[in-house]
Amino acid sequence: LMVLFFLLVGLEIKREIFVGELSSVRHAALPIAAALGGMIVPAAIYAPLNAGSAGARGWGIPMATDIAFALGVLSLLGSRIPSGLRLFLAALAHCRRHRCGPRQSDRRVRDSGALCLRECWRAILCRDLRDPVVARLPRCGAGVVGKVTGIVVAARLAARRGVAALPPELTWRSVFGVAWLGGIGFTMSIFVATLAFGSGPLLDSAKLGILAGSVVAAYVGTVTLWKLPPPLEGKSSR
């Protein structure tokens, strides 16, 4: 199913590049710029916070986006969201996945998603709040905020410089909301964390942080987009 999902997402993006909204170079440049910002900024925040420690190996963790979960959350909003916003998120996440996400073993990652979620919740319920692993949870916010900041700032700079253009049916407020959904790392970030840390307290800390950050990103993004007036810019979604 995941193979079919990524195939369909890729085909949709390819179609939009040739005959759709991404056929304009400036419109196509917007999610690319946003993807670059969404990778560089969180990694730049993570690196100094963990410099000189064993956690420094996990600098790739905050760069990843779980495209399936992000699009799934966005789909819950239904007709309130224009198709252009879904396309923007899909293109953004797809660019980031090919740059920093796993290029293989996607099936293994997805199959272990439920197991990882169960382990995270068990860790939260069983650990004392003074535990060093739980104490590191506030750092997860830095990765999510870094993603949102990177996506929005890079997109705005690209548009201001004339390199990219915001599609007519989108607003910067909608881009801000979808940037939060781009902060959902979940299975992709857990996969990167497993490669970086193996097993042990660092991996437990990373899983808890990823879960907490993904929940916060999904909630804030959903609330922000739900408050947008439907349809955006007076246009109905396709």
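Observations
- Once the range 189-219 is narrowed to residues that are in contact with a Gly (Cβ under 7 Å, 6 or more places away or on another chain) and of a type in the set (Gly, Ala, Ser), the residue that is surrounded by the most Cβ atoms within 10 Å (Cβ to Cβ) is Ala217.
- Boolean, Thr171 is surrounded by fewer than 22 Cβ atoms within 10 Å (Cβ to Cβ) and closer than 30 Å to Ile81 by Cβ: yes
- In the range 152-183, the qualifying residues are those that are charged (D, E, K, R) and at pLDDT 90 or above, and the one that is farthest from Ile32 (Cα to Cα) is Arg173.
- Qualifying residue in the range 215-227 (condition: closer than 19 Å to Leu89 by Cβ, without any contact (Cβ under 8 Å) to a residue 24 or more places away in the chain, assigned to a loop (DSSP other than H, G, I, E, B) and more than 19 Å from the chain's Cα centre (by Cα)): yes
- Apart from one condition, Phe186 fits all of (1) on the phi > 0 side of the Ramachandran plot; (2) modelled with pLDDT under 85; the exception is (2).
- Long-range neighbours under 7 Å by Cβ, at least six apart or interchain, first residue at negative phi within the range 195-209, second surrounded by fewer than 21 Cβ atoms within 10 Å (Cβ to Cβ) and of a type in the set (S, T, N, Q): Leu203/Thr194
- Condition broken by Ala165, with the remaining ones in (1) out of contact with any Phe, Trp or Tyr (no Cβ under 7 Å at 6 or more places or on another chain); (2) outside any loop (DSSP other than H, G, I, E, B); (3) under 18 Å from Ala28 (Cβ atoms) satisfied: (2)
- Residue count, the range 44-94 (criterion: over 21 Å from Lys14 (Cβ atoms), in contact (Cβ under 8 Å) with a residue 24 or more places away in the chain and part of a helix (DSSP H, G or I)): 15
- Within the range 80-97, not a single residue is modelled with pLDDT of 70 or more, hydrophobic (A, V, I, L, M, F, W, C) and under 18 Å from Ser205 (Cβ atoms).
The values are calculated or read from the model by the stated rules, or taken from the named source; none is laboratory data. Keep in mind the model is a prediction, meaning the values are calculated, not measured. Virtual Cβ from ideal backbone geometry, glycine too; neighbours counted across all protein chains shown.
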